Amino acid sequence: MRAMSELLDARGRTRRTLILTGAAAMAGWAGRAPALAMRDVSGADPFTLGVASGDPHADGVVLWTRLAPQPLAADGFGGMPARRVQVRWTLATDEACTKVARTGDVSADPAAAHSVHVEVRGLTPGREYFYRFEAMGHRSRIGRTRTAPGLGGGAAAAGPARFGVVSCARYESGYFTAYGHLAAERPDLVLHLGDYVYEYAGTPKSVRPFEAPETTTLAGYRDRYALYRTDPDLQTLHATAPFAVVWDDHEVDNNWAGEVPEDGQTREQFLARRAVAFQAYYEMMPLRGVARPAGSSARLYRQIAWGDLASICMLDTRQFRDDQPCGDGNKPACEARLDQARQMLGPVQEGWLRERAARSRAIWDVLGQQVFFGELVRPLPDGRDALPMDSWNGYVAARGRVLDMYTARPHNLVVLTGDVHRHFAGTLHAGGGPADAPVVGTEFVATSVTSAGDGSDDGAAVQALLGRNPNLRFSADRRGYLLADITPSTWTTHFRTVPWVTRAAAPVQTRASFVVEAGRPGLNRLS
Ligand code: FE
Ligand code: CA
């Protein structure tokens, strides 16, 4: 397994040496690229931010890197000169990246912080591939990726799939150990549901302190992503599986809604901020060109078809929503919460989703999205019931419209969610109604990777919450991720947790596993 351990190395130096001394590798590589033979090897390695892939289709995938010889230079450019740089990419069928399937050259532009997005096409469906980049006399580490299975084989041909689900990784809160454990599980696809970075100013007393103001400028956002992406666990996860990403609030500003910031900015100031936040997000993520922002707008919502097994609709619940009702936060219900006109997805995205739902013939219909979808009541200290108004509980009519899309005819609806820094398993009920209405889907909420710190195993707090919310079957206040093993007949979610994040090297365990059977909505607890 030498090749795999090399693949999972955080640094590329050893591997580069090995590849250069391998005669077969030289014949396969340098023979095609004499102009890019190793020159300027004394220069700094520009691949400090690693490699990534994303948005797999049946015939292709996005390959990503960004050149940054000094990732923490705090200049918005990672120490790169203000000129275009040629980058060669290679996609191969073997772990050593020698059996080349596709290769090409692309120009890394300073206007995009020397990020590179290669949309490879013409590949074989449902296949594993390996890739790497070369630039400035250096080679990147080798990444693993895969294409989605093809459509049309039906349930019999739909193989199993393994998805990882993550959200909410605040750098200063702890170590990204959960990302590393998820990489070791070799998922086929990682859904990142937002809060990939946090915009807050660095705090000196945190677990991983850093110095930087709250992100508001293009350079500030870029440098924040660079800080996060120097993390070896995050780099390893990106180099292990393709990602499907969507942002939540902290990629821009805490609890932003449409054109409304958290505080302290005019609409014009906030839209300018949103534009640079979107730009830095696109630059750093393995997204297709259709997601490239135009000013303060970007089309991030999209479908990823995983053969006949799953249709994954990745939703943007920030950019087009109305402002939070009832004063935001956890608040007692007010009339505005139920206003029929209130939007979460906005009319265009909602119409797109309705069409996707109507046309879907996939066994599993998956929504990858940010905020708590099902009913969630959080009692206040004074005994009154409060609802989280930033979640779909503040957008009740919009939630009902989405559920109606998946009840016109039977679907196997699985909603995957982030944001709340706790694991949850829950059932979704017809029309968004109470727990005694028919079950029409399932929601699995991924806890945070680090946000909120180590957490606790206070069973009383969990039981109080579950007791007040009969639609919820499980919760845990620990950090971790979801691991979903999917077949044509069953969807199994494992709630993986780590006992601490304020120190490195935490082990991982499964706190609970739930199975959903295709054609029989509802949660069955395995362990
Ligand atoms: Fe968060
Ligand atoms: Ca959030």
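The values are calculated or read from the model by the stated rules, or taken from the named source; none is laboratory data. Since this is a predicted model, take the numbers as computed values, not measurements. Quick reminder, even Gly has a Cβ in these numbers, built from the backbone with ideal geometry, and neighbours come from all protein chains shown. For accessibility, only protein heavy atoms count, side chains too; no ligands or nucleic acids. Shrake-Rupley method; radii C 1.70, N 1.55, O 1.52, S 1.80 Å.
Quick one: is Gly104 open to solvent by less than 40 Å² (accessible area, probe 1.4 Å) and in contact with a Pro (Cβ under 8 Å, 6 or more places away or on another chain)?
Against the criterion (open to solvent by less than 40 Å² (accessible area, probe 1.4 Å) and in contact with a Pro (Cβ under 8 Å, 6 or more places away or on another chain)), Gly104 does not qualify.
Residues being in contact with a strand residue (DSSP E or B) (Cβ under 7 Å, 6 or more places away or on another chain) and either open to solvent by 20 Å² or more (accessible area, probe 1.4 Å) or away from ligand 2 (no atom under 16 Å from the Cβ) (or both): count how many of those fall in the range 132-170.
Final tally of qualifying residues: 22.
Considering only the range 240-255, I want to know if a residue exists there that is open to solvent by 10 Å² or more (accessible area, probe 1.4 Å), within 16 Å of ligand 2 (Cβ to nearest atom) and free of Cβ contacts under 8 Å to residues at least 24 places away in the same chain.
no
Name the single residue that is nearest to ligand 1 (Cβ to nearest atom) among those in the range 241-283 being under 30 Å from Gly60 (Cβ atoms) and assigned to a loop (DSSP other than H, G, I, E, B).
Among residues in the range 241-283 that are under 30 Å from Gly60 (Cβ atoms) and assigned to a loop (DSSP other than H, G, I, E, B), the one nearest to ligand 1 (Cβ to nearest atom) is Asp248.
Name the pairs: first residue in the range 425-442 and assigned by TED's automatic domain parsing to the domain that holds Leu482, second residue basic (Lys, Arg) and open to solvent by less than 20 Å² (accessible area, probe 1.4 Å), Cβ to Cβ under 7 Å, at least 6 apart or on different chains?
Gly432/Arg399
If you scan the range 73-100, which residues turn out to be more than 27 Å from Arg222 (Cα to Cα), surrounded by 18 or more Cβ atoms within 10 Å (Cβ to Cβ) and free of Cβ contacts under 8 Å to residues at least 40 places away in the same chain?
Listed by number, the list holds a single entry, Ala92.
Please determine whether any residue of the range 514-525 is touching a strand residue (DSSP E or B) at 6+ places or on another chain (Cβ under 9 Å) and over 23 Å from Leu413 (Cα atoms).
No, there is no match, as no residue in the range 514-525 is touching a strand residue (DSSP E or B) at 6+ places or on another chain (Cβ under 9 Å) and over 23 Å from Leu413 (Cα atoms).
For residues in the range 326-375 being among the aliphatic types (A, V, I, L, M) and under 21 Å from the mean Cα position of the chain (by Cα), which is surrounded by the most Cβ atoms within 10 Å (Cβ to Cβ)?
Across the range 326-375, the extreme among qualifying residues is Val366.
Would a scan of the range 183-190 turn up a residue that is under 22 Å from Ala446 (Cβ atoms) and within 16 Å of ligand 1 (Cβ to nearest atom)?
Taking every residue of the range 183-190 in turn, none turns out to be under 22 Å from Ala446 (Cβ atoms) and within 16 Å of ligand 1 (Cβ to nearest atom).
May I ask you to list the residues in the range 478-522 that are part of a loop (DSSP other than H, G, I, E, B) and of a type in the set (Val, Ile, Thr)?
Thr487, Val501, Thr502, Val508
Being touching a Leu at 6+ places or on another chain (Cβ under 9 Å), away from ligand 1 (no atom under 14 Å from the Cβ), open to solvent by 20 Å² or more (accessible area, probe 1.4 Å) and under 25 Å from Asp308 (Cα atoms) narrows it down to one of Val414, Val439, so name that one.
On inspection, the qualifying residue turns out to be Val439.
Mind listing just one residue for me: the one in the range 98-113 that is part of a loop (DSSP other than H, G, I, E, B) and more than 26 Å from the chain's Cα centre (by Cα) and, of those, nearest to Asp59 (Cα to Cα)?
Ranking the qualifying residues of the range 98-113, first place goes to Lys99.
Here is a list: Ser391, Ser456, Ser451. Which entry is under 21 Å from Asp195 (Cβ atoms) and surrounded by fewer than 23 Cβ atoms within 10 Å (Cβ to Cβ)?
One residue alone meets the criteria, Ser456.
Just for the range 185-206: of the residues that are open to solvent by 10 Å² or more (accessible area, probe 1.4 Å) and under 17 Å from the mean Cα position of the chain (by Cα), which one is farthest from ligand 2 (Cβ to nearest atom)?
So, considering only residues that are open to solvent by 10 Å² or more (accessible area, probe 1.4 Å) and under 17 Å from the mean Cα position of the chain (by Cα), the one farthest from ligand 2 (Cβ to nearest atom) is Arg186.
Any idea which of Arg473, Arg468, Arg520 is charged (D, E, K, R), more than 30 Å from Leu380 (Cβ to Cβ) and more than 22 Å from the chain's Cα centre (by Cα)?
Sole residue among the options that is charged (D, E, K, R), more than 30 Å from Leu380 (Cβ to Cβ) and more than 22 Å from the chain's Cα centre (by Cα): Arg520.
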